[in-house]
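Okay, structure first, notes after.
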Amino acid sequence: MGALAYLSLDIVSQTKGCLGKHLYDYTYTEVYWFSRLVSIQEPVFYFCVFCIKLSVAFANRRITGLASKRWMKIYWAFISLFTVLLPITVCLQAFQCVPVPTRYSFIDMGRITGPGQLRCIDATSVSISTRVLHIVTDVALISVPIVILVRLHIPAKKKARLIMIFALGSMSTIASILRNLTVMRFNDDIT
């Protein structure tokens, strides 16, 4: 449901916003709608991602949690980490600037009379840190079932097939790493 809401918001923000137009062809209304809808999109995105990670952690716990108390502690650490990180990342995105309305409205930003009135956290640093955090947690979640599969006493071909199935999940992690490298390389390019 969250993924559907996120995709719907993404489509609306692009069509009602600035999709396919040159920077100089945007109207103020289009930029306003785009920035408003994107600010709603971000918490929905983080909620969806953390729900997926929680479901993977619970599935892994169910599969291998009875193996030992150490694995149960690892899974509860994952679950606790995701439960704590969701509100932190949402708050970091939502309250990047003081006064808060300037984060969501260029009109409010234009009303500021002096440069000392607006204080913002570096958005690039927040974005990079959350992306790195997602990559690290993805690698951790993917590696746990692979480590357990390596230790199983099953035929090598079957073990290799199962490991490949779990390794397919690493495709999104590899894509995230490549995306981060591209974003950091072309971060100053506004086109």
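Summary of computed values
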| item | result |
| --- | --- |
| Members of segment 53-99 that are of a type in the set (Ser, Thr, Tyr) and closer than 30 Å to MET109 by Cβ | THR89 |
| Test: residue in segment 37-53 that is surrounded by 13 or more Cβ atoms within 10 Å (Cβ to Cβ) and more than 16 Å from the chain's Cα centre (by Cα) | yes |
| Hey, VAL100 over 28 Å from TYR32 (Cα atoms), out of contact with any strand residue (DSSP E or B) (no Cβ under 8 Å at 6 or more places or on another chain) and surrounded by fewer than 14 Cβ atoms within 10 Å (Cβ to Cβ) or not | no |
| Residue in segment 66-77 that is outside any helix (DSSP H, G or I), of a type in the set (A, V, I, L, M) and over 14 Å from the mean Cα position of the chain (by Cα) present | yes |
| Hits in segment 113-132 (condition: of a type outside the set (A, V, I, L, M, F, W, C) and either surrounded by 11 or more Cβ atoms within 10 Å (Cβ to Cβ) or in contact with a helix residue (DSSP H, G or I) (Cβ under 6 Å, 6 or more places away or on another chain) (or both)) | GLN117, ARG119, THR124, SER127, SER129, THR130, ARG131 |
| Candidate set: segment 139-191, residues that are polar (S, T, N, Q) and farther than 26 Å from LEU54 by Cα; chosen: the one modelled with the lowest pLDDT | THR191 |
| Residue within segment 82-101 that is over 22 Å from ILE63 (Cα atoms), polar (S, T, N, Q) and in contact (Cβ under 8 Å) with a residue 60 or more places away in the chain present | no |
| Candidate set: segment 1-36, residues that are surrounded by 15 or more Cβ atoms within 10 Å (Cβ to Cβ) and touching a residue at least 60 places away in the same chain (Cβ under 8 Å); chosen: the one nearest to ILE107 (Cα to Cα) | TYR32 |
| Residues within segment 103-120 that are part of a helix (DSSP H, G or I) and touching a Cys at 6+ places or on another chain (Cβ under 8 Å), tallied | 1 |
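For every residue, the table says whether it meets (1) touching a residue at least 40 places away in the same chain (Cβ under 8 Å); (2) under 14 Å from the mean Cα position of the chain (by Cα); (3) surrounded by 15 or more Cβ atoms within 10 Å (Cβ to Cβ); (4) not assigned by TED's automatic domain parsing to the domain that holds ARG70.
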residue	(1), (2), (3), (4)
TYR104	yes, no, yes, no
ASP108	no, no, yes, no
ARG111	no, no, no, no
HIS134	yes, yes, yes, yes
ILE154	no, no, no, yes
LYS159	no, no, yes, yes
MET171	no, no, no, yes
SER176	yes, yes, yes, yes
MET184	yes, no, no, yes
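The values are calculated or read from the model by the stated rules, or taken from the named source; none is laboratory data. Treat the numbers as computed from the prediction; the structure is a model and nothing was measured. Cβ: placed from backbone, ideal geometry, glycine included. Neighbour counts: every protein chain shown.
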